[in-house]
2 protein chains.
Amino acid sequence: MMVRNKVKTNDIHIINLAKLVSGPNAILYKEEDLLAYDCDGFTIERHLPRAVVFPKNTEEVSEIVKYCAANNLPFLARGAGTGLSGGAIPLNNEVIISLVRMKRLLEVDLENRRAVVEPGFVNLKLTNSISDKGYYYAPDPSSQYACTIGGNVAENAGGAHCLKYGVTTNHILGLEVVLPNGEIIEIGGNGIPDTPGYDLLGLLTGSEGTLGIVTKITVRILKNPEAKQTVLAYFDKIEDGSQAVSDIISSGIVPAALEMMDKTAIEGVEAAAFPVGHPKDIEAVLLIEVDGIAAGIDGQIELILDVCRKYNVREVKAARDEAERGRWWANRKTGFGAMGAISPDYLVQDGVIPRSRLPEVLTRINKISEESGLRIANIFHAGDGNLHPLVLFDSRIPGETEKAIQAGSACLKVCADVGGSITGEHGVGIEKKEEMRFVFKDEEIKAQTDIRDVFNPDYLLNAGKLFPTPGRCAEVKREMASKR
Amino acid sequence: MMVRNKVKTNDIHIINLAKLVSGPNAILYKEEDLLAYDCDGFTIERHLPRAVVFPKNTEEVSEIVKYCAANNLPFLARGAGTGLSGGAIPLNNEVIISLVRMKRLLEVDLENRRAVVEPGFVNLKLTNSISDKGYYYAPDPSSQYACTIGGNVAENAGGAHCLKYGVTTNHILGLEVVLPNGEIIEIGGNGIPDTPGYDLLGLLTGSEGTLGIVTKITVRILKNPEAKQTVLAYFDKIEDGSQAVSDIISSGIVPAALEMMDKTAIEGVEAAAFPVGHPKDIEAVLLIEVDGIAAGIDGQIELILDVCRKYNVREVKAARDEAERGRWWANRKTGFGAMGAISPDYLVQDGVIPRSRLPEVLTRINKISEESGLRIANIFHAGDGNLHPLVLFDSRIPGETEKAIQAGSACLKVCADVGGSITGEHGVGIEKKEEMRFVFKDEEIKAQTDIRDVFNPDYLLNAGKLFPTPGRCAEVKREMASKR
């Protein structure tokens with residue numbers, strides 16, 4: 001009887017939700033359809049949603065949210081599902097509000113350097129839409145060919161060029177947001193340096209889908225740099241590569257990008273889809289890009305080459321043309337996936353350290369690798385100290401997944417210990433909830449969950465993410481109730 | 001009897017507070033001493049504090065806050081008192097916690113490009129302390145010789161060079177904060193591009209002293225640019241000057257600074273302490289600074305000169321040396337005060353507009369000037385559309401102060417109407433509380449006051465500021481109570 005009742009209630013919810021979304025196939029509810037939504041780019045934990053709805057506009061999102069709120073149904077928003085920390089995984093059998101049908105470029109205002117997009121608009125499409133007029137959108141996560149700008153806002157996504165240009169939050173000028181009660185608010189939007197009142201724009205950006213659902217985004221667009229130059233530098237010793245990074249930054253140059261890969265990473269990218277002929281016997285390669293006014297480029301490249309030579313660089317080469325530059329970036333940007341060519345499974349971590357501690361941290365990560373018996377590749381945004389240790393493992397070997405998770409966590413502990421942090425751009429999601437304790441005291445976590453409760457008091461929106469509180473909506477609610 | 005009791009109670013509070021602060025003269029409580037603290041840079045409203053205490057360290061701040069909280073005494077923090085919107089005025093007979101004795105430079109870490117300061121440390125002293133090593137601190141409000149970095153954090157201060165380098169929030173890496181219950185928390189600090197959890201750093205920065213008291217600040221420091229060049233450009237017609245600004249920005253150059261003064265402003269600065277010989281018969285002067293790699297500077301200046309010529313510039317000249325550059329900046333940076341040379345009183349406003357609307361907005365401000373019968377000078381950060389209309393008036397003429405306030409508010413309305421905002425860098429404080437309604441709907445203000453209530457639930461800290469709620473602590477509390 002109980003089971004039958006439950007099924008019936010669910011059917012009614014599905015029927016009612018279906019009425020709130022327009023267009024064909026705007027709701028999925030059969031198990032075989034839901035399977036594609038049981039995880040995101042973080043694949044270690046999987047849970048089925050109750051349903052997936054595909055609203056076409058803000059009003060539909062608002063109506064869905066109001067329905068969920070009125071019926072006590074957990075819900076969350078999802079973009080392309082490329083997130084790496086599990087932020088879009090339906091831990092509580094959520095109704096997933098997929099924003100992929102809200103994918104229009106609504107406005108381009110070149111004079112004031114802004115564009116307005118819907119959340120499901122794919123990151124790279126923005127640059128592609130304005131590049132003929134000489135403009136681009138700066139944040140460039142490696143998944144930019146697929147990830148959506150709405151997801152980028154939720155995770156405060158970074159990318160290789162954030163060293164010079166800043167992460168997503170530095171490029172968001174305004175948001176339209178559906179709050180967890182269905183209300184629609186607008187924040188920012190006028191592209192001004194300081195906004196009156198509290199910085200809600202900053203608060204919402206990077207809140208990992210726990211405060212509201214973003215339905216419209218005004219972003220800053222930039223004029224293409226007049227010139228750019230890209231070089232590869234190969235080092236026999238990783239310590240030399242690390243020191244070169246540190247010296248380039250302290251020389252006063254701000255490269256557009258300063259990326260590093262270690263020997264294991266090179267083995268992976270050269271075995272995968274976009275090999276570019278990196279030597280296999282070196283310990284580090286730097287991919288360095290400089291952009292700006294044409295007249296200044298050569299001088300900066302000269303300075304960079306001087307630093308590389310000082311640290312015994314084996315070889316340095318500049319990209320001969322845009323095609324070669326493109327191949328080098330494809331090699332780097334597909335680096336995580338490339339680990340699949342040398343390992344059955346891999347776990348990517350995302351820590352941040354003060355740049356000056358780089359050589360020491362790489363040594364400690366090496367030690368974690370030795371102790372765990374698992375290889376760890378390092379592909380990272382060296383210029384801003386944002387490490388991505390990739391723990392290689394085989395999930396078919398009993399216990400190895402757990403070992404990999406432990407090794408990843410140990411890498412984050414090292415980052416926290418040297419005064420760094422546990423995420424540079426991938427977010428906390430499910431994956432790093434417990435590691436939040438490495439960097440926050442209880443009061444500091446409470447200050448944040450108190451803010452969440454202001455926006456999300458019933459905790460129906462994306463519960464169990466971001467903070468080391470109980471994982472499930474129901475548990476959290478029980479705990480909240482017992483405190484009252 | 002009542003009065004006597006009240007006095008006695010106050011005496012007891014003074015005695016108790018005095019015990020919480022160390023060193024000589026660490027508390028002021030006599031009316032003649034308190035008079036200096038009845039306003040800040042916004043002088044139109046004046047209120048006496050209950051007392052002024054001068055803690056020496058974070059623990060003393062925490063103890064004072066705990067005492068105030070336990071005894072239901074309103075309190076607020078104050079830096080140098082240079083704020084322009086009344087954020088440090090004791091509307092509720094507050095205990096003022098002056099942070100001017102917490103003025104140490106605690107740490108300089110050149111390798112990781114950060115410095116740690118106490119809140120009472122004066123802005124310009126930071127650059128002066130590190131310039132011999134080739135570094136500087138970017139945010140440069142015109143009051144930088146006096147204002148404190150703690151105050152800059154509270155107001156999210158800007159400055160002439162924010163066009164290229166961003167406002168205070170872009171340079172704050174970490175904060176130590178005493179919450180309104182006396183708890184001490186640390187946020188950020190590791191100088192990483194993205195922080196895990198909510199962006200409390202962004203939330204606290206610019207919260208105008210309503211969420212907590214900042215007691216330690218980690219800031220980003222920058223390497224001095226290799227070269228800089230500064231030019232003045234004189235235009236017969238203000239429309240030509242405005243168009244030149246718009247074209248310079250859309251050419252792709254990001255000048256370090258791009259300032260504009262109109263005819264009335266020029267009359268003022270030339271009559272005051274730092275005249276530099278601007279022609280009196282022009283309608284606009286632009287002060288343009290470019291910095292960066294030496295090799296790129298000349299090309300940028302050439303481009304800028306081309307644009308100026310296109311718009312009929314009468315004369316352009318480059319600074320011959322650092323001394324001349326310094327004189328030009330002194331002329332500009334003392335511009336507000338200079339209005340005192342041509343008017344008994346002036347009221348400075350602080351609006352922001354999309355750059356493309358500049359010519360239209362200047363016309364509308366002109367109209368407000370004509371209608372009110374008051375002269376309005378314009379000195380502003382033209383490059384980022386941050387206007388500072390200065391309404392000239394004479395407070396001795398009955399009704400003229402009110403007329404000036406109305407004209408200032410009308411200027412802000414124009415900014416809001418064209419898609420801009422009511423403050424670029426001076427904050428809302430007391431002055432622009434009602435104007436918050438020009439840019440926020442009721443729900444949007446409520447989302448913010450709800451956040452304030454999380455941090456500041458008893459509303460003892462800096463009550464009556466920033467939002468268009470009742471002005472006094474007691475009124476607000478009555479209103480809050482009636483809602484329960």
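Quick note: the coordinates plus some simple rules give every number you see, no bench work behind them. Remember, predicted model here, so these are calculated numbers, not experimental data. As a convention, Cβ positions derive from the backbone with ideal geometry for all residues, glycine included, and neighbour counts pool all protein chains shown.
Quick look at the values:
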{"read-out": "Long-range amide H partners of residue A:77 with built H, under 5 Å", "value": "A:97"}
{"read-out": "Convex hull volume per residue for segment A:2-98, taking Cα atoms only, in Å³", "value": "101 Å³"}
{"read-out": "Local net charge near residue A:366, Cβ-Cβ under 12 Å (Lys/Arg +1, Asp/Glu -1)", "value": "-2"}
{"read-out": "Across A:228/B:223; A:223/B:228; A:133/A:164; A:317/B:164, pairs whose alpha-carbon gap is larger than 26 Å", "value": "A:317/B:164"}
{"read-out": "Added length on full extension, which subtracts the Cα-Cα distance from 0.36 nm per residue, residue B:133 to residue B:442", "value": "106.3 nm"}
{"read-out": "Charge context of residue A:132, other residues only, Cβ under 14 angstrom, K/R +1, D/E -1", "value": "+3"}
{"read-out": "Peptide-level mean, for A:290-298, of C-beta atoms on other protein chains within 10 Å", "value": "5"}
{"read-out": "Mean Cβ count within 10 Å, highest first, over the residues of peptides B:106-119, B:55-68", "value": "B:55-68, B:106-119"}
{"read-out": "Fraction of beta bridges assigned by DSSP in segment B:27-179 that are antiparallel (%, nearest 5)", "value": "50 percent"}
{"read-out": "Potential extension, residue A:322-residue A:43 segment - 0.36 nm per residue separation minus Cα distance", "value": "97.0 nm"}
{"read-out": "3J(HN,Hα) from dihedral phi, segment A:384-389, Karplus parametrisation 6.51/-1.76/1.60, rounded to Hz, x for glycine, proline", "value": "10, x, 9, 7, 10, x"}
{"read-out": "Label geometry 7 Å along the beta-carbon vector: residue B:277 inter-copy distances in nm", "value": "6.2"}
{"read-out": "Label distances, nm, residue B:70 versus same residue in remaining copies, Cβ-directed 7 Å point", "value": "5.1"}
{"read-out": "Per-selection metrics, segment B:105-223 (Cα): Rg and Dmax in Å", "value": "13.2, 41"}
{"read-out": "Cα-Cα separations in chain B greater than 43 Å, expressed as whole percent", "value": "16 percent"}
{"read-out": "Over segment A:190-293 - Rg/Rh using Cα atoms and the Kirkwood inverse-distance radius", "value": "1.12"}
{"read-out": "Phi-based couplings in Hz for segment B:316-326 (Karplus 6.51, -1.76, 1.60; Gly and Pro marked x)", "value": "10, 9, 9, 5, 6, 7, 4, 5, 5, 3, x"}
{"read-out": "Shortest-first distances to equivalent copies, position residue B:9, nm, label 7 Å out along Cβ", "value": "5.3"}
{"read-out": "Using a Förster distance of 41 Å, the FRET efficiency for residue B:298-residue A:18 (Cβ separation, nearest 0.05)", "value": "0.05"}
{"read-out": "Euclidean distance between Cα centres, segment A:298-349 to segment A:412-427, Å", "value": "23 Å"}
{"read-out": "Counting all C-alpha pairs of segment B:304-368, share separated by more than 19 Å (%)", "value": "63 percent"}
{"read-out": "Among beta bridges that DSSP assigns inside segment A:2-98, antiparallel share in %, nearest 5", "value": "20 percent"}
{"read-out": "Computed FRET value (nearest 0.05) for residue B:406 with residue A:224, which takes r as the C-beta separation and R₀ as 45 Å", "value": "0.50"}
{"read-out": "Orientation-averaged projected area, Cα convex hull of segment B:226-342 (nm²)", "value": "6.7 nm²"}
{"read-out": "Rounded to 10°, Cα long-axis angle of helix B:58-70 versus longest principal axis of chain B", "value": "60 degrees"}
{"read-out": "For segment B:105-223, with +1 on Lys and Arg beta carbons and -1 on Asp and Glu, the positive-most of B:184, B:207, B:116 along the dipole", "value": "B:116"}
{"read-out": "Loop-located trypsin sites (Lys or Arg not before Pro) in segment B:290-328, at most 10 other Cβ atoms within 10 Å (DSSP)", "value": "B:320"}
{"read-out": "For residue B:284, residues with placed amide H under 5 Å, excluding near neighbours", "value": "B:235"}
{"read-out": "Whole-Hz couplings from phi, Karplus 6.51/-1.76/1.60, listed for segment B:227-232; x for Gly and Pro", "value": "8, 9, 9, 10, 10, 10"}
{"read-out": "Net charge over other residues, Cβ less than 13 angstrom from the Cβ of residue B:99 (K, R count +1; D, E count -1)", "value": "+3"}
{"read-out": "Computed helical MRE - 222 nm, chain A, DSSP H runs ≥ 4 contributing -39500 (n - 2.57), nearest 500", "value": "-11000 deg cm²/dmol"}
{"read-out": "Scattering curve values for the protein assembly as shown, log₁₀ I(q)/I(0), Debye with Cα scatterers, q = 0.09 Å⁻¹", "value": "-1.01"}
{"read-out": "Rough spin-label spacing in nm, given labels placed 7 Å along Cα→Cβ, for residue A:35 and residue B:305", "value": "7.0 nm"}
{"read-out": "Cα→Cβ-extended label distance, 7 Å offset, between residue B:145 and residue B:397, nm", "value": "3.2 nm"}
{"read-out": "Computed label-point distance, nm, for sites residue B:271 and residue B:458 using a 7 Å Cα→Cβ extension", "value": "5.1 nm"}
{"read-out": "Rg followed by Dmax, in Å, when segment B:350-410 is reduced to its Cα trace", "value": "12.0, 38"}
